[in-house]
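J.: After the structure tokens below, expect a handful of questions from me.
The values are calculated or read from the model by the stated rules, or taken from the named source; none is laboratory data. Please read these numbers as outputs of a predicted model, since none were measured by experiment. No Cβ is skipped: glycine too gets one built from the backbone with ideal geometry, and neighbour counts run over all protein chains shown. Only protein heavy atoms, including side chains, enter the accessible area calculation; ligands, DNA and RNA are left aside. Shrake-Rupley method; radii C 1.70, N 1.55, O 1.52, S 1.80 Å.
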Amino acid sequence: VQLQAYGGGLVQAGGSLRLSCTASRRTFSNNAVGWFRQAPGKEREFVAAVAYRGGDTVYLDAVKGRFTISRDHAKNTVYLQMNSLKPEDTAVYSCAAARGSAATRNPIYYNYWGQGTQVTVSS
């Protein structure tokens, strides 16, 4: 079972990036999916999650109104659209599939993790 996150890069403050997370259909079947990030010297931090049915989402307060998580079941892909990026958003972003179908910010409920993609926001 593998998850793959991609779409990171270097962007100026105020810019946008869209991250994508793909997995085998089996990994995403009936699972909520979340995005987490980890900056150098800091603990991993929850960013956003989307329920299996896609209608229910949760966000870190610091990204509300700037980031949007969505999923495309036909493509078996979850997206994280990041707008109005700030230097403090700089981190390695990883996606994870939860054990259940409900969106949750608690990492203990995620049992499949993918390698991250680096997002760097310059000031």
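J.: Restricting attention to region 99-113, does a residue exist that is touching a helix residue (DSSP H, G or I) at 6+ places or on another chain (Cβ under 7 Å), closer than 14 Å to Q4 by Cα and open to solvent by 60 Å² or more (accessible area, probe 1.4 Å)?
T.: Looking for residues that are touching a helix residue (DSSP H, G or I) at 6+ places or on another chain (Cβ under 7 Å), closer than 14 Å to Q4 by Cα and open to solvent by 60 Å² or more (accessible area, probe 1.4 Å), one finds at least one in region 99-113, hence yes.
J.: Just one of the numbered conditions (1) in contact (Cβ under 8 Å) with a residue 40 or more places away in the chain; (2) within 11 Å of the chain's Cα centre (by Cα) is not true of A48; which one?
T.: Unmet for A48, out of (1) in contact (Cβ under 8 Å) with a residue 40 or more places away in the chain; (2) within 11 Å of the chain's Cα centre (by Cα): (1).
J.: Can you find, within region 16-52, the residue that is farthest from A91 (Cα to Cα) among those that are hydrophobic (A, V, I, L, M, F, W, C) and in contact with a Pro (Cβ under 8 Å, 6 or more places away or on another chain)?
T.: The initial filter retains those residues of region 16-52 that are hydrophobic (A, V, I, L, M, F, W, C), namely 17, 19, 21, 23, 28, 32-33, 35-36, 39, 46-51.
Pick out the ones that are also in contact with a Pro (Cβ under 8 Å, 6 or more places away or on another chain) and you get 36, 46.
Values: F36: 9, F46: 12 Å.
Here the answer is F46.
J.: Would you mind stating whether L60 is modelled with pLDDT of 95 or more, within 10 Å of the chain's Cα centre (by Cα) and not β-branched (V, I, T)? Walk me through how you get there before you give the answer.
T.: Details: modelled with pLDDT of 95 or more: yes; within 10 Å of the chain's Cα centre (by Cα): no; not β-branched (V, I, T): yes.
So L60 fails the test.
J.: For region 1-96, give me every one of the strands (runs of 3 or more DSSP E) that falls completely inside it and has 3 or more residues that are open to solvent by less than 70 Å² (accessible area, probe 1.4 Å).
T.: 17-23, 33-38, 45-50, 57-59, 67-72, 77-82
J.: Quick check: anything in region 87-94 aliphatic (A, V, I, L, M) and either touching a residue at least 60 places away in the same chain (Cβ under 8 Å) or closer than 17 Å to G9 by Cα (or both)?
T.: Yes.
J.: Quick one: which residue in R53, R26, R37 is of a type in the set (K, R) and touching a residue at least 60 places away in the same chain (Cβ under 8 Å)?
T.: Criteria check complete, one pass: R37.
J.: OK, next. Just wondering, is there one or more residues in region 75-96 that are out of contact with any helix residue (DSSP H, G or I) (no Cβ under 8 Å at 6 or more places or on another chain) and modelled with pLDDT under 95?
T.: yes
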